[in-house]
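Enquirer: If you scroll down you'll find the structure; I have some questions about it.
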Amino acid sequence: MSGVPGATPFARSVWLILRKDLTVEVRSREIAYTTLFFAASCVLIFAFALVREGRAPEGGAAGILWIAVLFAGTLALGRAFERERQSETLRALLLSPMPRPAIYLGKLLGIVALLAGTELVLVPLVVLLFSARLFAHPFWLLGIVITATVGIAAVGTLFAAMLVRARSRDVLLPVLLYPVVVPVIIAGVQGTAALLQPVFEPALVRFWLLLLVTFDIVFVVLALWTFEAVMSD
Amino acid sequence: MPKWFTPAAILCGLMFVISPVLIARAPDESSMGMVYKIYYYHMPSAWMFLLAPLVCGVSSALFLARGRAEDDRRAWSAAELTVLFGALTLITGPLWARRAWGTWWVWDARLTSSLVGWMIGWAYLILRRYGGPGSDKLAAGVALFGAVNVPFIFISVNYWRTIHPPTTVVPKLPVDMGVPLWFCVFAFLLLFVLLMTMRLRLEEARTRLDALYVALDE
């Protein structure tokens, strides 16, 4: 096995899955382009719908950012696993001697990387279109964005993987995913909105960030166990 | 049906007949008057709405760990009860809120997380209905996330500033309010057990029928 020298077999497996997904994506760039275009379209639609007399509603930028990320994430998750369904490559992955949690973590990191790439364009776009002063506290913003993205992707990766063989999976993914990730979206929106307050309160942002970290830990641990149990046959 | 079912069903029916009398006799609350009395149905159904996803989650975890069909049947029945008692909770709550708070709904932590729990119950049922073969295991995965939400609903009122009464209200109730409340709690619990038993029996009968069809084909 190639990979990072000195890493444990588990970490090497995670890295191999991640590298495979990124290599496929770099060659086709399909998910990156479609997701990005979709997310940008979402933001534009919200801009047309909500901006009145040249001004966005107060605090609206935070909500718009996270709705766009969630919608785009659903699209990316669906495509990422549709790719594995064609020619049954997911089955091949599950038949390989890699531990199941490593497969899950590799896929999760791939989705997080894709979403992070989308957010790199999305956040500046929201800042620009809604005159939101998001970059005033870059480290807090980075913390909120990363933890909320991991929360969405942790549940999303599990559900998308589970649904690979299910009927009407395209409809079922948002039906299952959205109710479960609503708490993450709430914390993400509130945390981002707290950054936009005229008077910055670090304690408030820290509270939402801690809540997001809690959600991440609970969701990743639960998903690791569930992935192993659900993908057993 | 098990032998205890009919007497228990009669008892449950009687309890629901008697409960309005007890509730009517309970004293009015100092600030809300008699409006608060929907609470005697709201809180017991809310407790069942918390119990059902827990039963669903634990049964699903057992199903994933051991793969026994009866765990799956219990999880499915509990998911239906989640949706049922969730609906009761979410209907009685706003009726009370309209008079007590002056609004049908507020987006606070308790109400939002309850709505989320109810939606996860629906998501489970939609998956069971339209997921096709293999959806039993997938639904079990969803049920685990539904169960994780329960402690969050429960503690949310104590940690967030909200107008919903906190969980500490119940032990502090005076006796003439506490007795009808606990009476209603037991009536709802009995209803929960009865519905669960009926639903499980239906599912067992369905499984046996399917097995008979398969045997007939072979």
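Enquirer: What helices does chain B hold that run 24 Å or longer along their axis, going by alpha-carbon atoms, with a Kyte-Doolittle average of 1.6 or more, using DSSP H for the helix calls?
Expert: Working: long enough: B:5-25 (30 Å, 1.86); B:39-66 (40 Å, 1.00); B:69-100 (46 Å, 0.12); B:109-130 (31 Å, 0.59); B:135-159 (36 Å, 1.17); B:175-217 (63 Å, 1.12).
Membrane-span-like by this criterion, though nothing is claimed about a membrane: B:5-25.
Enquirer: Also, I was wondering about something else. Which length gain, in nm to one decimal place, applies between B:Trp101 and B:Ile163 when the Cα-Cα distance is subtracted from 0.36 nm times their residue separation?
Expert: Values: separation 62, 0.36 × 62 = 22.32 nm, distance 0.80 nm.
The B:Trp101-B:Ile163 span can extend by a further 21.5 nm.
Enquirer: Separate question: What's the long-distance tail for the protein assembly as shown, i.e. % of Cα pairs beyond 37 Å? Mind showing how you got there, number by number?
Expert: On the way: 35572 of 101475 pairs.
I get 35 percent for the Cα pairs in the protein assembly as shown exceeding 37 Å.
Enquirer: Next question, about the same structure. Roughly speaking, to the nearest percent, how much of the protein assembly as shown's 1.4 Å accessible area is carbon and sulfur? Walk me through the numbers before you get to the answer.
Expert: Working: 15530 of 22290 Å².
About 70 percent, which is the carbon plus sulfur part of the accessible surface.
Enquirer: Another question, then. Percent relative contact order of chain B, based on C-alpha pairs within less than 8 angstrom and at least six residues apart? Numbers along the way, then the final one.
Expert: Values: 221 pairs, mean separation 65.5, N = 218.
Result for chain B is 30 percent.
Enquirer: Would you work out the charge dipole size for the protein assembly as shown about its Cα centre, treating the Cβ of every Lys and Arg as +1 and the Cβ of every Asp and Glu as -1, and quote it to the nearest 20 debye?
Expert: On the way: 37 positive and 28 negative charges, 15 e Å.
Using Cβ point charges on Lys, Arg, Asp and Glu, the protein assembly as shown gives about 80 debye.
Enquirer: Return the Rg/Rh ratio of segment B:118-201 with Cα-based radii and a Kirkwood Rh.
Expert: Values: Rg = 17.6 Å, Rh = 16.0 Å.
For segment B:118-201, the value is 1.10.
Enquirer: Taking the Cα centre of chain A as origin, sum charge times position over the Cβ atoms of Lys and Arg (+1) and Asp and Glu (-1), and report the length of that vector in debye to the nearest 20. Please report the intermediate quantities before stating the final value.
Expert: Details: 18 positive and 14 negative charges, 80 e Å.
In debye, rounded to 20, chain A gives about 380.
Enquirer: Another question, if that's okay. So how far, in whole Å, is the C-alpha centre of segment A:6-83 from the one of segment A:184-214?
Expert: Computed from Cα coordinates, the inter-centre distance equals 21 Å.
Enquirer: Same structure, new question: Enter the angle in degrees (range 0 to 90, nearest 10) between the Cα long axis of helix A:100-129 and the first principal axis of the Cα atoms of chain A, meaning the one along which they spread out most.
Expert: For A:100-129 against chain A, the angle is about 20 degrees.
Enquirer: Among the lysines, which fall within straight-line cross-link reach of A:Lys107, defined as a Cα-Cα distance under 25 Å, with same-chain neighbours fewer than 8 residues apart omitted?
Expert: A:Lys20, B:Lys137
Enquirer: If you wrap a convex hull around the Cα atoms of chain A, how much volume per residue is inside, in Å³? Present the calculation step by step, with values, prior to reporting the outcome.
Expert: Details: hull volume 30.2 nm³, N = 233.
In chain A, the Cα convex hull volume per residue is 130 Å³.
Enquirer: Can you list the aspartates and glutamates whose alpha carbon sits under 13 Å from that of B:Lys37, skipping same-chain ones fewer than 8 residues off?
Expert: Partners within reach: B:Asp28, B:Glu29, B:Asp176.
Enquirer: While we're here: Pairing the Cα long axis of helix A:60-85 with the longest principal axis of chain A, what angle in degrees results, from 0 to 90 and rounded to the nearest 10?
Expert: Once rounded, one gets 20 degrees.
Enquirer: Put +1 on the Cβ of each Lys and Arg and -1 on the Cβ of each Asp and Glu in chain A; which of A:Leu94, A:Leu222, A:Ala136 then has its Cα farthest toward the positive end of the dipole?
Expert: Positive-most Cα among the choices belongs to A:Leu94.
Enquirer: So what is the 222 nm mean residue ellipticity for the protein assembly as shown from helices alone, if each DSSP H run of at least 4 adds -39500 (n - 2.57) and you divide by all residues, rounding to the nearest 500 deg cm²/dmol?
Expert: Taking each H run of at least 4 residues, the total per residue is -28000 deg cm²/dmol.
Enquirer: Work out the P(r) tail for segment A:1-124: percent of alpha carbon pairs separated by more than 20 Å, whole number. Display every interim value, and only then the final one.
Expert: Details: 3908 of 7626 pairs.
The calculated P(r) of segment A:1-124 puts 51 percent of pairs beyond 20 Å.
Enquirer: Go ahead and set up a Gaussian network model of chain A, Cα springs under 10 Å, then flag whichever of A:Phe139, A:Phe159, A:Phe207 fluctuates most.
Expert: In the Gaussian network model the winner is A:Phe139.
Enquirer: Pairing the Cα long axis of helix A:169-195 with the longest principal axis of chain A, what angle in degrees results, from 0 to 90 and rounded to the nearest 10?
Expert: Between the helix axis and the principal axis of chain A, the angle is about 40 degrees.
Enquirer: Also, I was wondering about something else. For A:Val127 and A:Phe200, compute 0.36 nm times the residue count separating them, minus their Cα-Cα distance, and round to one decimal in nm.
Expert: Working: separation 73, 0.36 × 73 = 26.28 nm, distance 1.72 nm.
Extending this stretch completely gives an extra 24.6 nm.
Enquirer: Please give the solvent-accessible surface of A:Phe38 in Å², to the nearest 10, using a probe radius of 1.4 Å with every protein chain present.
Expert: A:Phe38 exposes around 70 Å² with every protein chain in place.
Enquirer: Determine how many Å³ per residue the convex hull of the Cα atoms of segment B:35-216 encloses.
Expert: Working: hull volume 21.3 nm³, N = 182.
Hull volume over Cα atoms, normalised by residue count, gives 117 Å³.
The values are calculated or read from the model by the stated rules, or taken from the named source; none is laboratory data. Keep in mind that this is a model prediction, so the values were computed, not measured. Note that we place each Cβ from the backbone using ideal geometry, even for glycine, and neighbour counts take in every protein chain shown. Only protein heavy atoms, including side chains, enter the accessible area calculation; ligands, DNA and RNA are left aside. Shrake-Rupley method; radii C 1.70, N 1.55, O 1.52, S 1.80 Å.
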